[in-house]
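What follows is calculated from the coordinates using simple rules that are stated; it is not laboratory data. Keep in mind that this is a model prediction, so the values were computed, not measured. Reconstructed Cβ throughout: ideal geometry from the backbone, glycine too, with neighbour counts over all protein chains shown.
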Amino acid sequence: MEIHNDLQEFEKYFEEYVRPKYFPLAVKLLKSEEDIPKEAVRPKRDLENRLSLCQAYGISRRGGEVIAMLKEDMWCPEAIICYGLVEPPSYFLKGFMHEKTDCFKNLETAKNYANSLPRFKVGEYIGVVSAPLMKATFSPDLIIAYCNPAQITKLVYSAAYKTGYGVSSSSLFGGACIRSVVPAMKTKEYQVTVPCGGDRIWGLTQDDELIFTIPSEKMEDLIEGLEGTAKRYPVNFVVKPKHEIHEGYLQTLKLLGLD
């Protein structure tokens, strides 16, 4: 299958140059139940329970499971609302859901947070499926990788290789499963996301992990960048005065009067 071969090729480069601890995820937003892979686990049906989306992503990247999450499978209301599976209730938009989470000073700041979360249009999607790249039988919208800061640095270098531009980053109290997906889907740009408390407590994300999101449209560009910046990871640590630098740096130092 062409899709599978493309993902295998991407994973080969990703493993060679980034060396992630866990499986990079193929993530697809679902527009109909016909898009759900037949092999996908449905938590409500198959596990007789519901999961938060960060847990589903955690199980996919750590345990290699293909998991489809529709409204009835989800336990976290933030994801249900921000993935556009329901109309946001006024209780949520007015900040009441977050008011007593000990994360906000008052109702007004909780309201600011709730309304700052990126959201898909209501009804645009019915759910989401996640799978390790090697198991994905579908064409993903995004590739999501949990990486350490050094690996993120390598990915940021690689993302900038063709354009010279940086990568957007998002950090807030919650909603990592939202902030790593919704902006990247809307802009078709890379995204670095700081995991939220729920992702760490319930989704098994470790203290040294950040999230890097790659829109499928950027896969070929990233491969080119991974190859072009091949010496950036792993890092060889060297501490010495006037260490080796590129010729362009030397010429700039001379222009600044620092031979």
The relative contact order of the chain, taking Cα pairs under 8 Å that sit 6 or more residues apart, comes to a percentage of 24
Can you tell me the equivalent ellipsoid semi-axes for the range 1-140? Use √(5λ) from the Cα gyration tensor, largest first, whole Å. 31, 18, 14
At 7 Å along the Cα-to-beta-carbon direction for both residue 245 and residue 227, put a label point, then send me their distance in nm to one decimal. 3.0
Over what distance in Å are the Cα centres of the range 198-246 and the range 1-70 separated? 21
If you fit an axis through the alpha-carbon atoms of helix 149-160 and take the longest principal axis of the Cα set of the chain, what angle between them do you get, 0 to 90°, nearest 10? 80
Volume per residue of the C-alpha convex hull in the range 92-143, rounded to whole Å³: 125
With -39,500 (n - 2.57) per DSSP H segment of 4 or more residues and division by the full residue count of the chain, the 222 nm estimate, nearest 500 deg cm²/dmol, is -10000 deg cm²/dmol
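Listed here are the pairs 71/121; 44/135; 154/242; 38/186; 111/188; 71/218; which of them are more than 25 Å apart at the Cα?
38/186; 111/188; 71/218
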Suppose a student asked you for the relative contact order of the range 14-154, using Cα pairs under 8 Å spaced at least 6 residues apart; what percent would you report? 40
Distance histogram for the chain (every C-alpha pair counted, 10 angstrom bins, percent rounded to whole numbers): 7, 28, 32, 19, 9, 4, 1, 0
Using alpha-carbon coordinates, inclination of helix 107-116 to the longest axis of the chain, degrees: 70
As an exercise, use a Förster radius of 45 Å and the Cβ-Cβ distance of residue 124 and residue 235 to find the FRET efficiency, rounded to the nearest 0.05. 0.65
If you build a Gaussian network model of the chain, linking Cα atoms that sit under 10 Å apart, which residue out of 226, 107, 142 swings the most? 107
